[in-house]
Ligand code: PFF
């Protein structure tokens, strides 16, 4: 690989991987899934999945990327050729590239809505704020043109950043965006914990009702663990290729996972205290939590309209730092193979993701009555990617690194103590693959 693409210093990789990880998954999905799936019960299963599936898979993914020093597809190709493996493993690279495009297609629609909300706090008029908010969101969803405008803007900015390159585009953007993101999330969390129902939130998120742990909750928690850590599809593998050789993989992954989990919990402590403090609102409303309930809650708080805008700036920044990582694996491959320049490659991929995203835009309006197994287009793509493609990618990564790479080669690259290294091996070879298979088995039965 061109040495100039390797990020300087240890922090750029940490911030980039944390940027890929922290996104709509933490701020939009985690709180509403926790709300729908019984609070503490969901949080416990989710944390276990992060620890026993997420941690080993993220280490293995970075290992492949840094070993190959190429796009995920070609890094896997290098492993295949160096270790004389079957070409079947290439499926891993392609599955990831495709999953990235599919996720970006809907991610950008939701991120676009969030960006538009920066400018739309509830006005202080005679109107009932809850009714106003529900109507505003429903009007928004019913106007495809407005949604397409914001969707296009978001994909455009994503392609611009990725098109500028690994160091000048992604590296620079991440170094600016991530500190702002951490600052905003802390400020917002303090604001809402002080003004809202902190204690109620604490018991909601950490007081588990074990009767609520159903197989469905376990599958959702696993899907969310993969989604939130951006593992199983090559984003982290692509970034691994830009990681300095002397950086410690094990320690770095611990920091990234810690930051991602911290932001998810801080997002919970930003959203629930203000939702709980408003008796008209419910925490169990699902996807609308962020776009319907939260604006109402902000409306009734001191300086609420300012904090409303700050909150949606935070969501947009988090989404952007993730969306660049969704399109990077495929872009890197196109550039490497010299099929097109990086800029042209990312524009073509952006257009494809944009077109698929129209399906998500139309899911709530002109295609609302078309359903597959009771799900609209958006739900099909979301479930296909985070509950099927990402776990399948994760399973293949475990099997490839766990069984096809000699332990001694792994240990040389992954700086874990002997005990930790043994635990890592057991998780990679048995715990993670068996859990994913069991969960798949249940879902298909
Ligand atoms: N981790 C991101 C989030 O939580 O919003 C979403 C994501 C980014 C998933 C990159 C997968 C990925 F490869």
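Report the gain in length on full extension from residue 245 to residue 418: 0.36 nm times residue separation, minus Cα-Cα distance, nm rounded to one decimal.
Net length gain for the segment: 60.2 nm.
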Along Cα→Cβ, 7 Å out, is where each label goes; now give me the distance between the ones at residue 198 and residue 81 in nm to one decimal.
5.8 nm
Can you bin every Cα-Cα distance in segment 339-445 into 5 Å intervals starting at zero and give me the percent of pairs per bin, rounded to whole numbers?
2, 10, 13, 13, 11, 12, 13, 12, 8, 4, 2, 0
Relative contact order as a percentage, segment 287-445, C-alpha pairs under 8 Å and 6+ apart, gives 12 percent
Specify the angular offset, from 0 to 90 degrees and rounded to the nearest 10, of the alpha carbon long axis of helix 40-49 from the longest principal axis of the alpha carbons in the chain.
20 degrees
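Cβ neighbours within 10 Å, averaged per peptide: list 246-253, 328-335, 110-117 in order, most packed at the top. Don't jump to the answer; show the numbers that get you there.
Working: 246-253: 17.5, 328-335: 25.8, 110-117: 23.6.
Highest mean packing first, the order is 328-335, 110-117, 246-253.
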Taking the alpha-carbon centre of each part, the distance from segment 3-23 to segment 347-385 in Å is 30 Å
With a bin width of 5 angstrom, please list the P(r) values of segment 28-169 as percents of all Cα-Cα pairs, from the 0 bin to the one holding the largest distance.
2, 7, 10, 12, 14, 14, 14, 11, 7, 4, 2, 1, 1, 0, 0
Relative to 2.2 N^0.38 Å, what does the C-alpha radius of gyration of segment 143-189 come to as a ratio? Two decimals please.
1.48
Nearest-ten-degree value, helix 249-276 long axis tilted from longest Cα axis of the chain:
10 degrees
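Can you tell me the order of 301-308, 378-385, 362-369 when each peptide is scored by its average per-residue count of other Cβ atoms within 10 angstrom, highest first?
Working: 301-308: 16.6, 378-385: 19.4, 362-369: 14.9.
By packing density, highest mean first, the sequence is 378-385, 301-308, 362-369.
How much mean residue ellipticity at 222 nm does the chain get from its helices, if each DSSP H run of length 4 or more adds -39500 (n - 2.57) and you divide by all residues, to the nearest 500 deg cm²/dmol?
Values: 21 runs with 310 residues, N = 445.
Theoretical 222 nm ellipticity from helices: -22500 deg cm²/dmol.
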Could you check which residue among 229, 326, 349 shows the biggest mean-square fluctuation in a GNM of the chain with a 10 Å Cα cutoff?
349
What share of all Cα pairs of segment 1-111, in percent, falls into each consecutive 5 Å distance bin?
2, 9, 13, 18, 19, 18, 11, 6, 3, 1
Checking rank on 265-274, 400-409, with mean other Cβ inside 10 Å and highest first, the result is 265-274, 400-409
How large is the translational diffusion coefficient of the chain in µm² per second when you combine the Kirkwood radius over alpha carbon pairs with Stokes-Einstein at 4 °C and 1.567 mPa s?
59 µm²/s
Taking the Cα-to-Cβ direction at residue 127 and at residue 403 and moving 7 Å from each Cα, how far apart do the two end points lie in nm?
5.9 nm
Between helix 55-68 and the chain: long-axis angle, C-alpha atoms, 0 to 90°, nearest 10
50 degrees
In units of 2.2 N^0.38 Å, what is the alpha-carbon radius of gyration of segment 122-171?
1.78
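Taken together, the values in this text are just the output of simple stated rules run on the coordinates, not laboratory data. None of these values were measured; they are calculated from a predicted model. Glycine also receives a Cβ, built like all others from the backbone with ideal geometry; neighbour counts cover every protein chain displayed.
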